[in-house]
Amino acid sequence: MSEALVAVEAAGTGTQPVPAASGARQFWRRLRAQRAALVAAVVVALLVLVALAAPLLTAIEGQDPTTYHPSLVDSARGGVPLGAFGGIGGDHWLGVEPQTGRDLFARLVYGARVSLGVALAATAVQVAIGVVVGVAAALGNRWVDQLLSRITDIIVAMPLMIMALALLAIVPSSFPRPVLVALIIGFVAWGTIAKITRAQTLTLKELDYVAAARLSGWGTLRIAHRELLPGLAAPVITYAALMVPANITIEAALSFLGVGVKPPTPSWGQMLTSANVWYQAAPQYLLLPAGALFLTVLALTVLGDGVRTALDPRAVSRLRVGTGRKRESKADAGVGKEVRS
């Protein structure tokens, strides 16, 4: 609430304003009440930890993601890994890649760095552009609003995959591919969050505490920073949490089509591209990146839905497992008791 409005209310009643309950505390209580979201958060944390610790994990194994081991594949059979289960052993924990003999565990954990890094970077670009454009459209005059809204409509109408394919095809190969993929996804897919931000800002700017801040002489930038952005945090964080798994899928699809991350940099989508002819001779080469991709997208989707429900208790979770209303009502009741005490 605006400092100006708090001061006016306190002066009118002759009492000191009572601080509201911590929004962060309510959020964590509601999120803890959803067991599926907690499990998803643990899975996501483990995946991020594995991605960050990829150099350490591969050093412990004694391998790296780019070294070829031709002696570990059977050239007479077209490069099928030697040994049981794709060459799994003490030196190669998940076996080796067909034809090249590169360590599959090393490529899988380094691929997690690429997939998660591209998705998070693309989401950050989308949020930054979308919030700036949405707030500027809502606070600007009629011409500014019309111009930015039409640009946003064009961005939303653009076919993301076609635009990404076209841009990735014309950019020189010397440009770092993971950075390029993240930038293209971010710059092509910010329209929806801009629309959400604009609609929410139009609602917030009509509230009393924003009007009080305006009457107290605050400028537009200060009002946007102090009054509007805190109110935009919940919808923006909610939508950003749901964009991350979508961006992982887009990066995997682009790499699968051969225009995303280029070899020898490992990526889950790129591994799936190479594995589509080995699903019978070396099924683990297909199942491991596909399973990692599925688990990551599922965990991020469940976590994003849990964040959405925790930030907006009036919303009903789309995922019924572990998000019962009884647990949510108990969490809200606990917050109410704490506030009263």
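The values are calculated or read from the model by the stated rules, or taken from the named source; none is laboratory data. The shown structure was predicted, so the numbers you read here are calculated from the model rather than taken from an experiment. Here Cβ is always computed from backbone atoms with ideal geometry, including for glycine, and neighbour counts include all displayed protein chains.
Residue by residue, here is whether (1) buried (at least 16 other Cβ atoms within 10 Å of the Cβ); (2) touching a Gly at 6+ places or on another chain (Cβ under 9 Å) holds:
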| site | (1), (2) |
| --- | --- |
| LEU228 | yes, no |
| VAL244 | yes, yes |
| LEU257 | no, yes |
| VAL297 | yes, no |
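Within the set VAL181, VAL171, the sole residue that is over 23 Å from the mean Cα position of the chain (by Cα) and farther than 24 Å from GLY306 by Cα turns out to be VAL171. Do we have any residue at all in segment 141-159 that's crowded, with 18+ Cβ neighbours inside 10 Å and in contact (Cβ under 8 Å) with a residue 60 or more places away in the chain? Looking for residues that are crowded, with 18+ Cβ neighbours inside 10 Å and in contact (Cβ under 8 Å) with a residue 60 or more places away in the chain, one finds none in segment 141-159, hence no. Could you grab me the full set of residues in segment 223-255 that are among the hydrophobic types (A, V, I, L, M, F, W, C), more than 14 Å from THR197 (Cα to Cα) and under 10 Å from the mean Cα position of the chain (by Cα)? Passing the criteria: ALA241, LEU242, MET243, VAL244, ALA246, ILE248. Look at (1) over 21 Å from VAL50 (Cβ atoms); (2) charged (D, E, K, R); (3) touching a strand residue (DSSP E or B) at 6+ places or on another chain (Cβ under 7 Å) and you find that ARG102 fails only one, number (1). The single residue among ALA112, ALA106, ALA137 that is within 30 Å of THR201 (Cβ to Cβ) and modelled with pLDDT of 85 or more turns out to be ALA137. The residues listed here are ALA240, ALA252, ALA189, ALA233; of these, the one that is within 21 Å of ALA122 (Cβ to Cβ) and touching a Phe, Trp or Tyr at 6+ places or on another chain (Cβ under 8 Å) is ALA252.
Scanning segment 256-270 for residues that are touching a residue at least 24 places away in the same chain (Cβ under 8 Å), in a helix (DSSP H, G or I) and either more than 21 Å from the chain's Cα centre (by Cα) or farther than 19 Å from THR67 by Cβ (or both) yields TRP268, GLY269.
In segment 259-282, the residue that is surrounded by the most Cβ atoms within 10 Å (Cβ to Cβ) out of those that are among the hydroxyl-bearing types (Ser, Thr, Tyr) and in contact with a helix residue (DSSP H, G or I) (Cβ under 6 Å, 6 or more places away or on another chain) is SER267. Within segment 165-179, the residues that satisfy the criterion of being more than 22 Å from VAL132 (Cβ to Cβ) and of a type in the set (A, V, I, L, M) are LEU165, ALA166, LEU168, ALA169, ILE170, VAL171. The residues of segment 127-152 that are part of a helix (DSSP H, G or I), over 21 Å from the mean Cα position of the chain (by Cα) and small (Gly, Ala, Ser), listed by number, are ALA136, ALA137, ALA138, SER149. The single condition from (1) hydroxyl-bearing (Ser, Thr, Tyr); (2) out of contact with any Asp or Glu (no Cβ under 7 Å at 6 or more places or on another chain); (3) crowded, with 16+ Cβ neighbours inside 10 Å that TYR285 fails is (2).
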